[in-house]
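What follows is a single structure, written as structure tokens, with notes after it.
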Amino acid sequence: MKKKKIITWILSLVTASASICMVSAQPQEKSTQIMGDQIKNNLNNEISAPAARTEVEEEPKGDVQEGLYVVPGTQDYLFIKETEGTISFHAKWKNAGEIKSSAVFFKENKYSFQNGDDEKGDSISGNLIFEDKKASLVFNEDWFLPRKTKYIWLRDAMWEFSNEQLEEISRELGVPDSLNVSYIQDEAFYWDEGEKYLSHVHVIYQDREVAGVQADSFTGEMVKEIYTYSSDLQTENSNIDVETEVLDIREDYNEIMQNISNHKYTEGQLSNGAVFYMGEKGLASIVVPKNIDGSEYSRSYYYRDGELFFAYYEGKDAHRFYLTQGRLIRWRYSADAANPQNAINHDRENSQEYLEMEKRLNQDNYALQPYLDEYFGV
């Protein structure tokens, strides 16, 4: 009996020892695996994570400023969004490429990312460093993108001007400070000819646009389509005689149509199927068939000294647009295109519908410019 108890005691001791060995071996195996993965995935062969585990977890210093950062004097930008210690960013270089990724807080004012995929699908890692409304984007790998780029903060939103910038633009357009105006900003677009981003700003007073401009999306500098404020032109007692202006527009339109019939213009076809007519004074007309660029209308545009002065849209209904100094003065609408005599004139109205039609006309007109640039190799 004593011999049996001794054997049982020995077996229990052996079992306990084995259990202790198994428990102590598991953490070491896991640690070895973690270390191996870090060596495998770290392109610079720097094992920084184990050291970080021994440090007290830090809190961000709060130097991150969300919004748009730029490289002064260039179109290179960095856009930042922060959510609970994680930063989503989009960086673009005009002549190099772009990258979109997410970075997580590392220490102090530094955020690290390991999964940045550039436009070619190559994996890129690096750090974002923030300090005093400035940011630096640093890559670990030496790719075709700049190894390090330094930015300054511009504003909270990607392409929206600040209130201060809008007020300055309004002031430069001659709008009195005493007017209680509001602003509408269109989505920014890239102007190929000028090689810069532009944002169209509309200055609104009593539901009517009283001034506007296409301004540099980064700096707010006025660039084109500058429509300055004039109390004579914008009040109901304006000296503009719409009927007289419309008669002048019709004369210019008839002259262009006659020159087209007499083959006095150079004619060409754009890649989207539209046909343009060019005279000694520049572009005279662009005619766009139906179902081009997703439009159910056939559209005809007429230009004088490079400026649109008349346009005609025809589908089931019809629209005639008369413009003076780049502004819509009459929108003549026919509910039935086959019966133009039943058209209704909307002259310099304050209605939202009128303003929307003017905006749509301008957008359609601007959308044709890239096709012209393509044709002439601009």
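The values are calculated or read from the model by the stated rules, or taken from the named source; none is laboratory data. Owing to the predicted nature of the structure, the values given are computational and were not obtained by experimental measurement. Note that each Cβ is placed from the backbone with ideal geometry, even for glycine, and that neighbours are counted across all protein chains shown.
Summary of values
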{"item": "Test for Asn239: is it over 36 Å from the mean Cα position of the chain (by Cα), at pLDDT below 85 and either in a helix (DSSP H, G or I) or surrounded by fewer than 12 Cβ atoms within 10 Å (Cβ to Cβ) (or both)", "result": "yes"}
{"item": "Count - residues of segment 131-156 that are surrounded by fewer than 19 Cβ atoms within 10 Å (Cβ to Cβ) and hydroxyl-bearing (Ser, Thr, Tyr)", "result": "1"}
{"item": "Conditions (1) within 30 Å of Glu82 (Cβ to Cβ); (2) in contact (Cβ under 8 Å) with a residue 60 or more places away in the chain; (3) out of contact with any strand residue (DSSP E or B) (no Cβ under 6 Å at 6 or more places or on another chain); (4) not aromatic (Phe, Trp, Tyr); number of the one not met by Glu108", "result": "(2)"}
{"item": "Of the criteria (1) touching a strand residue (DSSP E or B) at 6+ places or on another chain (Cβ under 6 Å); (2) surrounded by 17 or more Cβ atoms within 10 Å (Cβ to Cβ), which one Asp252 fails", "result": "(2)"}
{"item": "Which numbered condition Asn272 fails, given (1) more than 21 Å from Glu358 (Cβ to Cβ); (2) surrounded by 13 or more Cβ atoms within 10 Å (Cβ to Cβ); (3) modelled with pLDDT of 95 or more", "result": "(3)"}
{"item": "Check on Asn365, touching an Asp or Glu at 6+ places or on another chain (Cβ under 9 Å), within 30 Å of Gly194 (Cα to Cα) and not in a strand (DSSP E or B)", "result": "no"}
{"item": "Per-region count, segment 293-335, residues in contact (Cβ under 8 Å) with a residue 24 or more places away in the chain and basic (Lys, Arg)", "result": "4"}
